[in-house]
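To start, the structure itself, in structure tokens.
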Amino acid sequence: MVMLSTQASELDLDNFDGQLTQTVVLSHISWQTYQAVLADMGDHRAARVAYNQGVLTLKVPSKFHEIVNRLLARIVATLTEELGLEVINVGSTTLERDDLEKGAEPDTGFYIQNAYRLEGLDPEIPPDLPPDLVIEVDITSPSNQRMAIYQTLGISEVWRYTKRQGLEIYQLQANDYAKTETSVALPQLTADRLNDFLTLRQTQGENQVIRAVRSWIQQV
């Protein structure tokens, strides 16, 4: 079964231009076929791929989706720099467990607390060492399936952005995600503060937002 979604779903969009993230869902796909799809598509592609026990999802991010994703990634990089923390941005690197037949490519993944465990420009990422923080942007394609995959992979923190709810922080607690106000990866940071920066981006340029991030954390 194939489903192509370009509808707004549960999200409220004021302007659809450039904001529609396209999603293709394929059922009854074997793990071997999923691996072959990844190999055929190569490393340099626009689509994000997820696999969950027979269900293959391809997500092609919109322009708006990528603007939000990359701004949030810059905020993480800026805060770790100002706080003197190590960070490794692994982007949309494929995270997977073949024994569980689950895999996903986040919008952006970061090692912060565990950055010291990865060495070199092209570190080998152990399958039992998931990123400390993942960014997931939902514009028109709800990421419930991806959240379930992240849970199984043991990713401890997810920042999830939707048009309706804004930025929400989720922590893995007792094998399930719970919404929290404060980040564990960056304890000085709250969801409200992140949403303030995203709101500022509606009237200011990206570099101005980053300057505001630096000013705020230096005061903190």
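The values are calculated or read from the model by the stated rules, or taken from the named source; none is laboratory data. This is a predicted model, so every value here is computed, not measured. Don't worry about glycine lacking a Cβ; one is built from the backbone with ideal geometry, like all the others, and counts go over all protein chains shown.
How about the range 154-165: which of its residues are closer than 13 Å to residue 136 by Cβ and touching a residue at least 24 places away in the same chain (Cβ under 8 Å)?
Initial filter on the range 154-165 (closer than 13 Å to residue 136 by Cβ): 155, 157-162, 165.
Passing the criteria: 155, 157, 158, 159, 160, 161, 162.
So, of the residues in the range 166-184 that are assigned to a loop (DSSP other than H, G, I, E, B) and without any contact (Cβ under 8 Å) to a residue 24 or more places away in the chain, which turns out to be farthest from residue 67 (Cα to Cα)? Filtering first and then ranking leaves 174. On the stretch given as the range 173-194, residues that are within 21 Å of residue 144 (Cα to Cα) and either touching a strand residue (DSSP E or B) at 6+ places or on another chain (Cβ under 7 Å) or of a type in the set (Ser, Thr, Tyr) (or both) total 7.
Does the range 166-181 hold any residues that are more than 16 Å from the chain's Cα centre (by Cα) and either hydrophobic (A, V, I, L, M, F, W, C) or surrounded by 15 or more Cβ atoms within 10 Å (Cβ to Cβ) (or both), and which are they? Give the derivation first.
Just the residues of the range 166-181 that are more than 16 Å from the chain's Cα centre (by Cα), to begin with: 173-176, 178, 180-181.
Correct list: 174, 178, 180.
For the residues 156, 141, the requirement of being closer than 30 Å to residue 25 by Cβ, among the small types (Gly, Ala, Ser) and at pLDDT below 95 singles out 141.
Might you check whether a residue that is touching a residue at least 40 places away in the same chain (Cβ under 8 Å) and over 24 Å from residue 209 (Cβ atoms) occurs anywhere in the range 38-45? So far as the range 38-45 goes, yes, one or more of its residues are touching a residue at least 40 places away in the same chain (Cβ under 8 Å) and over 24 Å from residue 209 (Cβ atoms). One residue stands out in the range 38-65 among those that are surrounded by 16 or more Cβ atoms within 10 Å (Cβ to Cβ) and in a helix (DSSP H, G or I): the one that is nearest to the chain's Cα centre (by Cα), namely 65. The sole residue among 139, 112, 149 that is in contact with an Asp or Glu (Cβ under 6 Å, 6 or more places away or on another chain) and of a type in the set (A, V, I, L, M, F, W, C) is 112. Of the residues making up the range 185-214, those that are surrounded by 12 or more Cβ atoms within 10 Å (Cβ to Cβ), within 16 Å of residue 133 (Cβ to Cβ) and without any contact (Cβ under 8 Å) to a residue 40 or more places away in the chain number 3.
Within the range 50-69, is there a residue that is among the basic types (Lys, Arg) and modelled with pLDDT of 85 or more? Checking the range 50-69: at least one residue is among the basic types (Lys, Arg) and modelled with pLDDT of 85 or more.
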